[in-house]
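The values are calculated or read from the model by the stated rules, or taken from the named source; none is laboratory data. All of these numbers come straight from a predicted model, not from anything done at the bench. Cβ sites come from the backbone with ideal geometry, for glycine too, and all protein chains shown count toward neighbours.
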Amino acid sequence: MELKTDILSIFLISIFMAIFLVSATFIQSIEERILLIELSRGGYSDSAVHFSINHDSWGIYDLIQLLDGSDATDFMLILDDHDTDAAIVRHLYIKGSVNTPPMLSGRFFTEDDLGQDDLLAVVGRNNLDKLFERSGEQYISVANQDYSVLGVVGHELDTILDEMIIINLDTSVAVNKRGPFILDAKKPGEAETIFKEVALLAAASGSEASGPLNRLDINPPGVDRLVPQIISMATIYVFMILSFLLCSVTISYEWVSKQRKRISVKRLIGWSDSKLKRDLYRIFAGHAVVGIGLASFALLFIRSGFMSMTSMVIVVLLNIICGWLITIVPIRKMLSVSVAEILR
């Protein structure tokens with residue numbers, strides 16, 4: 001009897017491991033494909049706003065000064081220059097915290113890197129042959145100016161980032177460029193609000209009838225073929241979770257049934273149903289913790305990347321909810337049985 005109970009416990013732990021591994025692998029795969037869609041679009045989200053400067057009296061530094069003085073935060077401003085010897089030179093302005101692209105080494109820009117008149121750059125791996133060393137630091141030359149390299153940007157797959165040289169916009173060599181600019185915010189949809197605020201401030205600062213910022217109707221599609229992949233993966237995941245739940249309900253019912261003598265003894269010494277529930281859930285939660293712990297350890301070897309904290313919380317909550325759902329019916333049914341019937 002004890003051996004059978006232990007075997008059932010092992011099965012329960014295995015179910016929790018399976019649910020955690022499948023959920024974690026699924027979410028990591030979705031995050032990776034969403035990232036690839038964003039990278040294929042140019043490294044910014046689908047809610048980014050494209051605009052240009054349409055007044056001769058206005059320029060890049062006027063725009064930066066306006067952004068510095070606004071209340072808006074957690075966004076970045078991008079200007080891609082294709083007219084240089086390099087494949088793409090991206091001019092970047094950051095305010096607050098932003099979603100940074102994947103890095104192969106070093107670090108990406110922060111707000112503190114801007115406004116210091118320092119010539120800084122982050123390069124794609126296809127530009128590594130253009131680097132040169134000076135005083136122990138790596139540099140790259142853009143338009144006859146030497147930029148200190150902070151890091152190498154890129155993904156394990158080939159993306160547009162590999163061709164980029166990203167430099168800070170406030171020391172931009174594209175001072176006469178008038179766009180198109182790309183405004184992207186950390187929060188989805190926030191770029192639209194920031195643009196409207198900045199456009200109103202820009203219009204109020206000039207004497208022209210129309211404002212200097214002109215919204216452009218540009219929406220790069222990204223890698224559309226990845227969207228059906230995400231839908232297919234989600235469908236498979238749902239079927240797998242349902243299969244695990246059906247198996248775990250059967251196992252948990254058998255596991256709870258094996259606790260009947262233990263339940264009857266505790267009832268005889270005065271334990272209430274609520275106290276018995278807490279005791280059973282405590283043991284069950286222990287199995288869940290062991291299963292999640294073993295799955296987390298196994299995940300380090302199965303997947304090379306790490307989930308975001310939000311995704312990790314979602315996976316853990318999913319395991320808790322699944323564990324609660326599969327025990328509701330078995331525990332209620334067992335507690336509805338009288339002590340006399342259990343001891344019979």
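Is it true that S141 is free of Cβ contacts under 8 Å to residues at least 60 places away in the same chain, surrounded by 13 or more Cβ atoms within 10 Å (Cβ to Cβ) and among the small types (G, A, S)?
yes
Check off (1) out of contact with any Leu (no Cβ under 8 Å at 6 or more places or on another chain); (2) under 21 Å from V98 (Cβ atoms) for S135 and give me the number that stays unchecked.
Result: S135 passes all but (2).
Just to be sure, is I182 aliphatic (A, V, I, L, M), crowded, with 18+ Cβ neighbours inside 10 Å, modelled with pLDDT of 70 or more and not in a loop (DSSP other than H, G, I, E, B)?
Numbers: aliphatic (A, V, I, L, M): yes; crowded, with 18+ Cβ neighbours inside 10 Å: yes; modelled with pLDDT of 70 or more: yes; not in a loop (DSSP other than H, G, I, E, B): yes.
For I182, the condition - aliphatic (A, V, I, L, M), crowded, with 18+ Cβ neighbours inside 10 Å, modelled with pLDDT of 70 or more and not in a loop (DSSP other than H, G, I, E, B) - is met.
Quick one: count up the residues across region 94-110 that are among the β-branched types (V, I, T) and not in a loop (DSSP other than H, G, I, E, B).
Of all residues in region 94-110, those among the β-branched types (V, I, T) come to 94, 98, 100, 110.
From what is left, the residues that are not in a loop (DSSP other than H, G, I, E, B) are 94.
Counting residues in region 94-110 that are among the β-branched types (V, I, T) and not in a loop (DSSP other than H, G, I, E, B) gives 1.
Have a look at I241, I263, I251 and point out the one that is at pLDDT 70 or above, of a type outside the set (S, T, Y), in a helix (DSSP H, G or I) and within 27 Å of the chain's Cα centre (by Cα). It would help to see each step written out before you state the result.
Working: I263 fails: within 27 Å of the chain's Cα centre (by Cα); I251 fails: within 27 Å of the chain's Cα centre (by Cα).
Exactly one residue qualifies, and that residue is I241.
Quick one: which of S97, S70, S57 is surrounded by fewer than 18 Cβ atoms within 10 Å (Cβ to Cβ), of a type in the set (G, A, S) and modelled with pLDDT of 85 or more?
Exactly one residue qualifies, and that residue is S97.
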